[in-house]
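Only the coordinates and a few stated rules stand behind these numbers; no lab work does. Only a predicted model underlies this, so the values are computations on that prediction, with no experimental measurement involved. When we count neighbours, we look across all protein chains shown, and the Cβ atoms used for this are built from the backbone with ideal geometry, even at glycine.
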Amino acid sequence: MLVHIKDIVRKAEKGGYAVGAFNVHNLETVIGVAQAAARMKSPAIMQVSEGAVKYMGLKIFVNIAAAAAETTAGRAPLALNLDHGSSSEMIKACLDAGFSSVHMDASALPLKENIKITRQAAVRAHRKGAWAQGEIGSIMGGHGQVGGRITGVPLADPEEVIAFIEAAGVDTIAAAIGTAHGAFTNEDIHFDILKKILARTDKPFVLHGGSGVDDKKIKKAIKLGVRVVNIGTDIKVAFSKTLIANCLKNKKETDPRHLLRPTMQAVEEVTAAKMKLFGSAGKL
C-alpha cells in the first residue's frame with residue numbers, strides 16, 4: 001500500500017533501523033521491489049531519478065507503482081520519492097502526481113544558492129503536505145558504475161550542513177560523507193562527520209551511494225542514526241546481468257516476457273537482502 005514517507009521514516013526512527021530507498025527504472029524493477037517488500041514484510045521507499053521519469057513517463061510510473069503497492073506489496077507500506085531533482089518543474093510535477101517526498105539536489109552550487117533553491121522546493125512540498133530532502137556536499141559517481149577507484153570525493157562540512165538544514169527547512173538531509181553513486185573499491189563512510197551532523201539535528205539522515213559500501217559499515221551507520229539508505233546500482237546490476245545472461249542463453253526466444261521475467265526475481269532477491277541488512281524486514 002502507498003503511504004506517506006513520514007509514516008515509514010518515523011517508525012524507523014522509533015525502531016532504530018533504516019529503510020531502503022530503491023531506485024526503479026521500469027515495470028520489472030517496480031514489481032521486484034514490491035515483491036521483496038511483501039515477502040520480507042518490510043516498508044520501502046520506491047524512488048525515481050529524472051532519467052527514469054523521462055524514460056517511463058511520470059504518470060505511467062505513478063500508475064504502475066500504485067498498482068504494485070496495492071496488489072503486489074499488499075500490507076507492506078511503500079512511499080514514492082523523487083531522487084536528485086534538479087528543477088522546480090520536476091519538483092512540481094512529482095508533487096502534483098502524488099509523491100510524498102521530493103529531493104532537490106542543488107549541492108553542486110554555492111551554499112547560499114543551494115539554500116535558496118532547496119528552500120523554494122521545501123516550501124512547495126510543504127504546501128502539498130509532502131516532505132523535502134536537501135543535499136549538501138555533492139555526491140559523486142553515477143548509478144551503474146561498478147569497479148575501480150573513485151578520486152576527489154568531496155566531504156561536507158558539518159557546520160555548513162547544520163546551517164543548511166536550518167535555513168532550507170528540509171525534512172531529511174543527505175550529505176557527502178565519503179560514499180559515491182555506483183560501487184567503487186575505495187568507498188567509505190567518514191563516521192566522524194556523520195556523528196557531528198547527527199549530534200546536532202533530529203532530521204533523518206539519508207545515506208546516498210549505499211550500493212558500494214561494506215555491510216558492516218552500513219550497520220554501524222544505521223546504529224548511529226542513519227534512517228534511509230539509497231540503493232541504485234545494485235538494482236541496475238541485478239536487472240542487467242540477469243537479462244543479458246538470459247538473452248545469451250535463449251538467443252532464439254521471441255517472447256519478451258520470457259526474457260524479462262527472471263529480472264523481477266533478481267531485483268527481488270537483492271532488495272530483500274538489503275531489507276535484512278537495514279533491519280526493516282518484519283517491520284510492517
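The table that follows gives values for the structure above.
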read-out: Residue order, fewest to most beta carbons within 10 Å, for TYR55, TYR17; value: TYR55, TYR17
read-out: Sequence-distant residues sharing a close amide H with VAL19 (under 5 Å, placed H); value: VAL228, VAL229
read-out: Descending semi-axes in whole angstrom, ellipsoid equivalent of segment 199-248, from the Cα gyration tensor; value: 31, 11, 6
read-out: Most to least packed among 157-169, 41-53, 114-126 [average Cβ atoms within 10 Å]; value: 41-53, 114-126, 157-169
read-out: Taking ARG10, ARG75 and counting other C-beta atoms within 10 Å, the order from fewest to most; value: ARG75, ARG10
read-out: Å³ per residue enclosed by the Cα convex hull of segment 189-284; value: 108
read-out: Distance in nm between pseudo-label sites at ALA163 and ASP7 (7 Å out along the Cβ direction from Cα); value: 3.9
read-out: Length added when fully stretched, LYS216-LEU248, from 0.36 nm per residue minus Cα-Cα; value: 8.0 nm
read-out: Protection proxy ranking of 269-278, 247-256 - average other beta-carbon atoms within 10 Å, highest first; value: 269-278, 247-256
read-out: Per-residue Cβ neighbour rank within 10 angstrom, fewest leading, LYS283, LYS220, LYS54; value: LYS54, LYS220, LYS283
read-out: Cα coordinate range in the chain, projected on the principal axes (Å, largest first); value: 58, 41, 34
